[in-house]
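Before any comments, here is the structure.
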Amino acid sequence: MKTKTTMNDGWPRAFPPVECEVDDLKERVLRLFAVSDDAFLAEAENEARISALTQDFLRAKNVCLSTGMASLFERYRESKIPDSPIDAGEYLEELGEQMVANAINTSSPRYIGHMTSALPHFIRPLSKLLTTLNQNQVKLETSKSLTFCERQALGMLHRLIYGFPGDFYDEHIQHRDSTLGMIVSGGTLANLTALWCAYNSSLGAIDGFAGVDKVGLPEALKVRGSQRAVIIGSALSHYSLEKATSLLGLGSENFIKVPVDRDHRISLSALRKTVADCRERNQLIIALVANVGTTESGAIDPLVEMSEVAAEVGAHFHIDAAWGGALLFSRQHRRRLEGIDLADSVTIDGHKQLYLPMGIGMVLLKHPHLAKAIERNARYIVRANSIDLGKRTLEGSRPAMAMFLHAALHLIGRRGYEFLFNESIRKTQYMADLVRVDPTFELLVEPQMNILNYRAIPEPLQQRAAMGQLSPADNQLINEFNIKLQRLQRQAGRTFVSRTTLDRTRYGQGVSIVSLRSVIANPLTTEADIRAVLDNQLEILAGLNKSSTSTSSAGFREQL
């Protein structure tokens, strides 16, 4: 006797309840996994629908619709799982009308506020291939050729950074005991992995002590006669480094932040004093961390000098180049990274300026055997004598994202990346020049790469700003003004820049200044798009000026 099951009301209201018999349910579910002509035909039809959605989405210049957050909250508040499957065509229709329509178009040439931009078109078909292959990089038995592909791609980046002779790479690029780098899901895990290697190495086995990896931090410090262990970086270090310090059991307070100079580079005098203070207090310095492209302003720390300080104290020298590592491709600008080859480890984010999809970061290791400090084995997988990548990665199962990196290094190439990076620097300077000549705007930091910090000045305060006579109250008013401007621009959805707060500008150390922040990396962004972003801000500002009840700063404060 056949029984019937009825879909509950858990699915979005666009889909009415559907009755289906159990036998029909089984057939419909198994059809989702079938390898047949009918299945391939259905797949092609769905791909055509998705392709149409993709083309419409990518062709739009606007950043997003002006749909309110309350509407989206209401749309996605249902928590019940549908009982029975629905037709794929119905789902794709719902997906297009709601999810895709209200997504952020990070490919828009007028979306210049975050470290995300357009992808090269070869990524889309490769994404399908990657999903179809469904390789698991944890073990050779679940990835085979993709294991060697990953090691080769990492070897190419390693050579770009460190430039060792060819025989070094001949020996280590595919050697099971060597690790030139690891691919992870992003810069956060790359930084964590680098510091994990430094932590286990610095507190490793000594004089009969089995090492921190086995015994733990208190005993590791005791055997070395240290009070505590610390990691040192600049005040503008990425917040992932505090996460890493916490996860390693050091405590986030033991990531010591050193002040920066007016150019947002770590202060070498302050760094040397910090190091001296730590040594005087009998604190073990695990690592020094330098920035190549701070998230807020794109600043580059003095790498050679920091490497010397690290060498003096025997600390691991890590460089977080998640954003700025792509500068290595540019013959014109590479000199700014002098000393990067002195790092023990380097983080680069593929989904930033290597133009790869979300979910691919990497850490490169100068010493091919450093990662043995974090090695793990299991009898059923990642055995000790294997080439399995999972032996020396924090993540176990993970997709073969190396396929994207391998493809991009070949299809864009070294000179292609050089062109992309040089253009992003040129266009950033173009925007900086526009900001300089317009009294409505103020450049806050000279750009070192392709991140621009500036702010808008309300009309009543522009003359005072030009004369350098702004009071703390004026700056607070301007801060509120720029917060409102950025919110209005974001809500309208035509263009976008982000915002941050800077504590080191020409207004002095510790004076908090709200900054508009543009990130110009999208190859599709033109000078006309940059002007459109600024024009959009000027339109919004005109509305704010017009609606003010007074031309005085007091009037603006009342409005805000």
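The values are calculated or read from the model by the stated rules, or taken from the named source; none is laboratory data. Since the structure is predicted, the reported quantities are computational estimates derived from the model, not experimental observations. Here Cβ is always computed from backbone atoms with ideal geometry, including for glycine, and neighbour counts include all displayed protein chains.
Being in contact with a Leu (Cβ under 6 Å, 6 or more places away or on another chain) and without any contact (Cβ under 8 Å) to a residue 40 or more places away in the chain is true for just one of G211, G216, G249, G181. Which residue is that? Walk me through it before giving the result.
Numbers: G211 fails: in contact with a Leu (Cβ under 6 Å, 6 or more places away or on another chain); G216 fails: in contact with a Leu (Cβ under 6 Å, 6 or more places away or on another chain); G181 fails: without any contact (Cβ under 8 Å) to a residue 40 or more places away in the chain.
Residue meeting the stated conditions: G249.
Taking region 451-495, which residues are charged (D, E, K, R) and under 22 Å from L65 (Cβ atoms)? Give the steps one after another, and end with the answer.
Kept after step one, since they are charged (D, E, K, R), are these residues of region 451-495: 455, 459, 464, 474, 480, 484, 487, 490, 494.
Hits for region 451-495 are K484, R487, R490, R494.
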Quiz item: Do you know which of the residues in region 36-75 that are more than 25 Å from F496 (Cα to Cα) and among the hydroxyl-bearing types (S, T, Y) is nearest to the chain's Cα centre (by Cα)?
Solution: S51
Quiz prompt | Checklist (1) charged (D, E, K, R); (2) outside any helix (DSSP H, G or I); (3) without any contact (Cβ under 8 Å) to a residue 24 or more places away in the chain applied to R464, failing item | solution = (2)
Quiz item: Among the residues of region 2-20, is any among the charged types (D, E, K, R), under 30 Å from R531 (Cβ atoms) and either modelled with pLDDT under 90 or not assigned by TED's automatic domain parsing to the domain that holds A521 (or both)?
Solution: no
Quiz item: Which of (1) surrounded by 15 or more Cβ atoms within 10 Å (Cβ to Cβ); (2) not in a helix (DSSP H, G or I) is the odd one out, the single condition Q489 does not satisfy?
Solution: (2)
Exercise. For L452, indicate whether it is buried (at least 18 other Cβ atoms within 10 Å of the Cβ), touching a residue at least 60 places away in the same chain (Cβ under 8 Å), not polar (S, T, N, Q) and not in a helix (DSSP H, G or I).
Key: yes
Quiz item: Of all residues in region 220-238 being closer than 16 Å to S202 by Cβ and among the polar types (S, T, N, Q), which is surrounded by the fewest Cβ atoms within 10 Å (Cβ to Cβ)?
Solution: Q227
Quiz item: Name the pairs: first residue in region 111-129 and under 16 Å from L354 (Cα atoms), second residue charged (D, E, K, R), Cβ to Cβ under 9 Å, at least 6 apart or on different chains?
Solution: H114/R517; M115/D349; M115/K352; T116/K352; S117/K352
Practice problem: Identify, from the list D213, D170, the residue that is over 21 Å from the mean Cα position of the chain (by Cα), assigned to a helix (DSSP H, G or I), among the acidic types (D, E) and buried (at least 17 other Cβ atoms within 10 Å of the Cβ). | Solution: D213
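When the residues of region 272-303 are narrowed to those that are under 19 Å from L236 (Cβ atoms) and part of a helix (DSSP H, G or I), which ends up farthest from the chain's Cα centre (by Cα)? It would help to see each step written out before you state the result.
Step one: filter region 272-303 for residues under 19 Å from L236 (Cβ atoms), giving 272-275, 287-303.
Filter once more, keeping what is part of a helix (DSSP H, G or I): 272-275, 303.
Working: R272: 30, K273: 31, T274: 29, V275: 29, L303: 21 Å.
Ranking the candidates gives K273 first.
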Quiz prompt | Selection count, region 111-127, where residues are surrounded by 19 or more Cβ atoms within 10 Å (Cβ to Cβ) and not hydrophobic (A, V, I, L, M, F, W, C) | solution = 3
Quiz item: For region 81-106, which residues satisfy the criterion of being within 19 Å of L25 (Cα to Cα) and assigned to a loop (DSSP other than H, G, I, E, B)?
Solution: I81, P82, D83, S84, P85, I86, D87
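Of all residues in region 343-364, count the ones that are of a type in the set (D, E) and part of a loop (DSSP other than H, G, I, E, B). Before you say what the answer is, go through the steps one by one.
Looking only at region 343-364, we keep the residues that are of a type in the set (D, E), and these are 344, 349.
Keeping just the survivors that are part of a loop (DSSP other than H, G, I, E, B) gives 344.
Adding up the residues that qualify gives 1.
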Quiz prompt | Residue match in region 128-144 (condition: under 20 Å from V63 (Cα atoms) and either surrounded by 13 or more Cβ atoms within 10 Å (Cβ to Cβ) or within 19 Å of the chain's Cα centre (by Cα) (or both)) | solution = no
Quiz item: Among the residues of region 23-51, how many are in contact (Cβ under 8 Å) with a residue 40 or more places away in the chain, under 26 Å from E97 (Cβ atoms) and not charged (D, E, K, R)?
Solution: 5
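Under 25 Å from E308 (Cα atoms) and either assigned to a loop (DSSP other than H, G, I, E, B) or out of contact with any strand residue (DSSP E or B) (no Cβ under 7 Å at 6 or more places or on another chain) (or both): does that describe A408? Working first, answer last.
Details: under 25 Å from E308 (Cα atoms): no; either assigned to a loop (DSSP other than H, G, I, E, B) or out of contact with any strand residue (DSSP E or B) (no Cβ under 7 Å at 6 or more places or on another chain) (or both): yes.
For A408, the condition - under 25 Å from E308 (Cα atoms) and either assigned to a loop (DSSP other than H, G, I, E, B) or out of contact with any strand residue (DSSP E or B) (no Cβ under 7 Å at 6 or more places or on another chain) (or both) - is not met.
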Quiz prompt | Only listed residue being surrounded by fewer than 18 Cβ atoms within 10 Å (Cβ to Cβ) and over 18 Å from S117 (Cβ atoms), chosen from H410, H406 | solution = H410
Exercise. Please state which of the following conditions L524 fails to meet, knowing it meets all the rest: (1) assigned to a loop (DSSP other than H, G, I, E, B); (2) at pLDDT below 95.
Key: (2)
Quiz item: In region 365-385, which residue that is assigned to a loop (DSSP other than H, G, I, E, B), under 17 Å from Q152 (Cα atoms) and in contact (Cβ under 8 Å) with a residue 24 or more places away in the chain is farthest from the chain's Cα centre (by Cα)?
Solution: H369
